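Notes to accompany the following structure.
The values are calculated or read from the model by the stated rules, or taken from the named source; none is laboratory data. None of these values were measured; they are calculated from a predicted model. Reconstructed Cβ throughout: ideal geometry from the backbone, glycine too, with neighbour counts over all protein chains shown.
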Amino acid sequence: MKKHILLAVAVCSAFILKAGDKDLLSHGGGGDSKLTIGLSVGAALPMSAYGAKATDTASSTQNDSTHVQNGFASTGFHFDVTASYMFADHIGGQVMIGGNMNSFDVATYKTVNNIKSPETFTANNYYIGQYLVGPVLSFGDKLKLNIRVLVGLVTSNATVITETNGQSGGAEASFTRTGNPGSGFGYNFGAGIKYNFNDKMGLLVNVDYLGSTLSYTGYGQSSTFFGTTSSTTNTTLKQTMALGMVNASVGIAFNL
């Protein structure tokens with residue numbers, strides 16, 4: 001993971017140095033500082049298979065173990081840190097490091113799969129990491145319109161699920177499945193406004209769409225039946241999950 005972050009920073013640094021050959025000390029983007037650091041938080045709305053919550057009744061997809069059809073991700077929390085550098089008045093580059101935390105919709109999963117008391121089902125939350133870089137366009141002076149197109153690495157943990165039948169006062173049968181983290185090429189299309197309070201600080205309001213196809217390889221599972229536990233590990237099964245995310249955020253920009 002550190003290698004990917006360092007690579008993104010290195011690419012951005014190379015752009016900055018190239019632009020710096022022209023004029024490192026001048027101000028671009030309508031009087032704004034050339035270098036801006038942004039800190040934003042907001043809502044993360046899952047889409048595509050990642051946010052799907054309904055059983056697919058088509059036999060062709062039900063029997064396809066290489067695709068995750070339903071992620072059952074709920075609306076969650078988004079945060080990001082950005083570094084933007086303006087090469088000219090309206091054109092610059094940006095690095096984004098961010099994350100999305102979405103809970104697994106256990107209630108809907110139990111309803112869709114007809115899991116009723118005394119059976120239980122638990123699943124941990126998702127964490128989606130974003131390590132992106134790309135161009136940004138900026139128009140305006142005190143009030144700016146910013147448009148960005150970023151690409152890079154998107155990562156995800158694998159949800160750990162545990163299901164028990166809970167009969168006879170205890171779990172006579174239980175099942176736990178874990179998986180290896182997933183990753184994939186990601187892209188981010190975003191637009192927003194920046195209002196500069198003064199030369200040093202401004203308000204950010206952004207809406208972005210994040211897309212990726214996450215690839216996971218391998219999983220482990222443990223089953224207990226009437227006191228006897230068996231475990232298996234698969235290191236070859238490759239699964240993919242289509243990820244879509246709408247992130248709406250507000251934040252603070254520091255003009256350096």
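Take the residues of the range 240-256 that are in contact with a Lys or Arg (Cβ under 9 Å, 6 or more places away or on another chain) and surrounded by 13 or more Cβ atoms within 10 Å (Cβ to Cβ): which is nearest to Leu45 (Cα to Cα)? First the steps, then the outcome.
Taking the range 240-256 and keeping what is in contact with a Lys or Arg (Cβ under 9 Å, 6 or more places away or on another chain), we get 253-256.
This time we only want the ones that are surrounded by 13 or more Cβ atoms within 10 Å (Cβ to Cβ), so: 253-255.
Details: Ala253: 23, Phe254: 27, Asn255: 29 Å.
Within the range 240-256, the match that is nearest to Leu45 (Cα to Cα) is Ala253.
Restricting attention to the range 114-135, the residues being under 19 Å from Asn70 (Cα atoms) and among the acidic types (Asp, Glu) number 0.
Table: residues versus (1) under 23 Å from the mean Cα position of the chain (by Cα); (2) modelled with pLDDT of 75 or more; (3) more than 30 Å from Thr217 (Cβ to Cβ); (4) in a helix (DSSP H, G or I).
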residue	(1), (2), (3), (4)
Gly30	no, no, yes, no
Lys53	yes, yes, no, no
Phe77	yes, yes, no, no
Tyr85	no, yes, yes, no
Gly93	yes, yes, yes, no
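Please work out if Leu237 is out of contact with any Cys (no Cβ under 8 Å at 6 or more places or on another chain) and either at positive phi or surrounded by 16 or more Cβ atoms within 10 Å (Cβ to Cβ) (or both). Answer is no for this residue. For the range 70-98, taking the residues that are closer than 10 Å to Tyr126 by Cβ and without any contact (Cβ under 8 Å) to a residue 60 or more places away in the chain, the one that is surrounded by the most Cβ atoms within 10 Å (Cβ to Cβ) is identified as Ala73.
Return yes or no: is Val250 touching a residue at least 60 places away in the same chain (Cβ under 8 Å) and not small (Gly, Ala, Ser)? Write out each step before concluding.
Values: touching a residue at least 60 places away in the same chain (Cβ under 8 Å): yes; not small (Gly, Ala, Ser): yes.
Here the answer is yes, as Val250 does meet what is asked.
Could you say whether any residue in the range 103-118 is modelled with pLDDT of 95 or more, among the β-branched types (Val, Ile, Thr) and touching a helix residue (DSSP H, G or I) at 6+ places or on another chain (Cβ under 9 Å)? No, every residue in the range 103-118 fails to be modelled with pLDDT of 95 or more, among the β-branched types (Val, Ile, Thr) and touching a helix residue (DSSP H, G or I) at 6+ places or on another chain (Cβ under 9 Å). Residues of the range 199-235 that are of a type in the set (Gly, Ala, Ser) and more than 30 Å from Ser33 (Cβ to Cβ): Gly211, Ser212, Ser215, Gly218, Gly220, Ser222, Ser223, Gly227, Ser230, Ser231.
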